[in-house]
Amino acid sequence: MAVPVSVPEKALELAYETSSHRKQAVGDLVTIAFYFLLRSGEYTKPRKVKRNGKMVRATRTVQFRVCDIGLWKDGRILSRNSPMEVLLTADSATMKISNQKNGRTGQTLHHETTGGKGAVAALARRVHHILSNGGSDQQLICDVFQDKEWISVQSSEIVAAVRAAAKALKLQDRGIDPDMIGAHSLRAGGAMALKIMGYKDSTIRKFGRWTSDTWMMYIHSQISELYEGVAQDMSTPL
């Protein structure tokens with residue numbers, strides 16, 4: 001089930017009302033996932049399974065690392081080791097794909113800043129947190145330094161944060177059952193936001209790295225609900 005942009009915004013707000021680095025990381029990752037249309041396996045702790053007596057990655061997807069993140073200002077890349085105030089001046093960000101579900105590599109995702117609540121600022125905070133705490137650029141963007149040890153945000157934490165945000169926004173009153181929301185809802189929500197804004201299906205498919213129109217299955221049933229009232233809003237004189 002897809003979620004509107006208010007959900008990642010609320011999740012981020014709730015996260016930064018706490019002093020927990022882990023919860024703040026979850027809030028930032030939720031934001032990044034929504035805007036970059038990420039699969040949960042690309043930005044959370046790798047899931048492992050046992051094969052032939054050995055624990056191996058469940059999929060070939062490689063999670064995003066700090067070195068895959070580029071923060072840009074006026075066409076020039078900023079040093080990842082820059083102070084937070086410098087990183088937050090970035091006007092765009094890129095994420096380089098090492099490997100993903102469909103096996104494609106070498107692609108680069110790009111987004112321009114939308115302010116402190118957006119994905120560029122969230123990436124800046126993730127990069128700064130990891131490197132300023134002695135981490136390396138090979139670490140996953142889901143890594144968190146808390147209580148003198150490194151831990152990694154798990155997919156279940158993303159789900160919990162998104163559901164909590166949905167409940168805080170009382171989305172159940174709009175027909176969106178919080179218990180039906182999962183980590184995939186961020187990816188679907190990002191796609192739905194693009195669809196409602198008028199982007200072509202081919203553009204959405206390319207941005208989300210889908211190889212077919214399967215993404216439409218995520219949002220088709222919700223499009224009519226979210227379009228309700230749009231015409232009235234658009235006709236309101238400014």
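In this entry, Ser132 passes the filter for residues that are modelled with pLDDT of 95 or more and loosely packed, with under 14 Cβ neighbours inside 10 Å. Among residues of segment 177-188 that are free of Cβ contacts under 8 Å to residues at least 40 places away in the same chain, those with a beta-carbon under 7 Å from a residue that is of a type in the set (A, V, I, L, M, F, W, C) at least six positions away or on a different chain give the pairs Pro178/Ala166; Pro178/Leu171. Applying the set (1) under 16 Å from Phe34 (Cβ atoms); (2) of a type in the set (Val, Ile, Thr); (3) modelled with pLDDT under 95 to Val159 leaves exactly one unmet item: (3).
Scanning segment 1-34 for residues that are assigned to a loop (DSSP other than H, G, I, E, B), in contact (Cβ under 8 Å) with a residue 60 or more places away in the chain and more than 21 Å from Met95 (Cα to Cα) gives Met1, Ala2, Val3, Pro4, Ser20.
Yes or no, residue by residue, for (1) modelled with pLDDT of 90 or more; (2) farther than 17 Å from Ala2 by Cβ:
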position: Asp143; (1), (2): yes, yes
position: Ala168; (1), (2): yes, yes
position: Asp179; (1), (2): yes, no
position: Gly182; (1), (2): no, no
position: Leu186; (1), (2): yes, no
position: Arg205; (1), (2): no, no
position: Gly208; (1), (2): no, no
position: Glu225; (1), (2): no, no
position: Leu238; (1), (2): no, yes
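The values are calculated or read from the model by the stated rules, or taken from the named source; none is laboratory data. It should be emphasised that the depicted structure is a prediction, and the values quoted were computed from it without experimental measurement. Note that we place each Cβ from the backbone using ideal geometry, even for glycine, and neighbour counts take in every protein chain shown.
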